[in-house]
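Quick note: the coordinates plus some simple rules give every number you see, no bench work behind them. Keep in mind the model is a prediction, meaning the values are calculated, not measured. Here the Cβ positions follow ideal geometry from the backbone for every residue, glycine too, while neighbour counts run over all protein chains shown.
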């Protein structure tokens with residue numbers, strides 16, 4: 001009898017454990033805010049004393065800001081392709097917008113690598129993976145990688161297509177398809193539709209919020225312009241019409257955050273903020289960074305970049321560790337509880353940095369652009385030469401060292417960004433060993449990624465005397 005009495009509690013425990021429902025996994029919502037052409041210092045939290053972005057500044061203070069955050073390309077389509085695939089440009093072949101033969105033929109010494117205009121569907125991209133793992137996915141704004149984002153893992157498409165910019169921010173938008181709403185200005189209308197998506201979605205969601213702003217055409221919000229017209233320019237920032245677009249975008253991001261808080265979702269949402277490439281030099285400048293959009297100097301690829309997730313990331317933190325938008329794919333999957341081992345991702349899971357479990361992330365960063373991209377103002381630029389923002393070449397960053405390599409003439413530029421963030425002093429001759437080390441690593445990467453190296457001479461080229 002005593003033996004039976006001892007067994008009964010054990011049987012009760014076993015039965016109760018078998019009848020208990022498995023614990024439901026709570027997945028966070030995911031929002032990536034990928035602004036178009038917003039420069040590194042086009043926001044208050046990065047130090048601008050001209051643009052006013054109180055909502056972004058407040059949001060950035062809720063998480064970790066990366067001062068060395070990079071886009072993986074210096075213009076729209078390749079940067080977005082890298083973010084979506086999690087892979088370097090040589091793997092997907094999207095290098096630029098439209099033709100790679102930009103600029104006058106007589107000025108191009110090499111025949112550039114042919115550009116891929118539409119992202120091949122063979123790639124398993126971020127929204128597809130999240131969709132397959134129970135997320136409702138929404139593309140809001142600029143897509144730029146195909147005609148229809150619904151064929152790439154999105155359940156909802158708001159204004160996304162192959163176009164890289166709107167012909168107008170005011171109706172009729174012409175090349176942007178979007179249902180009418182209470183707002184008219186395109187940036188306002190896109191966020192209006194995005195808020196309705198958040199209101200109606202019943203499952204964990206992924207929102208790729210990619211407003212066309214602040215890309216050209218510069219079409220101001222007239223009610224905001226006077227505020228900036230009264231302000232004094234600051235370090236190359238002084239365009240009141242462009243500033244009104246930045247200001248209005250900030251207001252819309254404030255509405256997005258308010259909606260999350262109103263629905264009790266803010267604490268349950270991973271928010272990433274960044275830009276697809278540098279600011280448009282001539283419209284805005286990023287001093288002390290050199291050049292802007294289309295260039296692989298820092299002004300063309302370094303971006304405002306932060307992560308917010310109150311369950312895991314401590315507010316008011318900052319990191320100077322270099323990261324890239326390639327890192328978003330594995331990091332998002334980590335927080336979504338989705339394994340990424342079977343995917344060929346070139347980025348790193350940043351969770352150990354975001355949660356301050358590690359203080360370093362030693363790896364190499366690469367950029368590859370076997371193409372030409374003409375300058376838009378030969379009289380005012382900070383490029384290697386006045387005719388092109390980009391000539392065919394590659395870039396590697398290791399620690400504080402950054403090497404530019406050019407295929408036309410085997411030219412090289414070496415900079416130590418810790419001492420020379422403006423890339424003014426070429427150290428190739430002073431540090432030949434470091435130059436050779438980085439060049440060797442770059443060549444290994446070309447081989448590993450099967451990177452196309454343009455070497456065919458252009459018969460239309462005219463040698464300068």
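So here's what we get for this one:
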read-out	value
Computed label-point distance, nm, for sites residue 310 and residue 364 using a 7 Å Cα→Cβ extension	4.3
Highest-first arrangement of 179-185, 258-264, where packing means the average Cβ count within 10 Å	258-264, 179-185
FRET efficiency estimate (nearest 0.05) - Cβ-Cβ, residue 261 to residue 182, R0 25 angstrom	0.70
Distant alpha-carbon pairs in region 321-465 (separation over 27 angstrom), percent	36
Region 415-465-region 91-126 distance, computed between alpha-carbon centres (Å)	20
Span from the region 313-329 Cα centroid across to the region 27-54 one, whole angstrom	14
Distance (nanometres) between label positions extended 7 Å along Cα→Cβ at residue 235 and residue 444	3.6
Extension gain, residue 57 back to residue 104 (0.36 nm per residue minus Cα-Cα distance, nm)	12.7 nm
Rotationally averaged projected area of region 25-95 (alpha carbon convex hull; nm²)	6.5
Stretch gain in nm, segment residue 419-residue 320, where the contour uses 0.36 nm per residue and the Cα spacing is subtracted	34.2 nm
Shape of region 366-449, Cα gyration tensor, a/c cut at 1.5	oblate
Exposure proxy ranking, count of Cβ atoms within 10 Å, fewest first, for 114, 203	203, 114
Cα gyration tensor category, rounded, prolate or oblate, for region 90-191 with a/c compared to 1.5	oblate
Calculated Rg/Rh (Cα atoms, Kirkwood Rh) (choose from (i) 0.95; (ii) 1.03; (iii) 0.97), label	(ii)
Segments 101-107, 447-453 sorted - mean Cβ within 10 Å per residue, highest first	101-107, 447-453
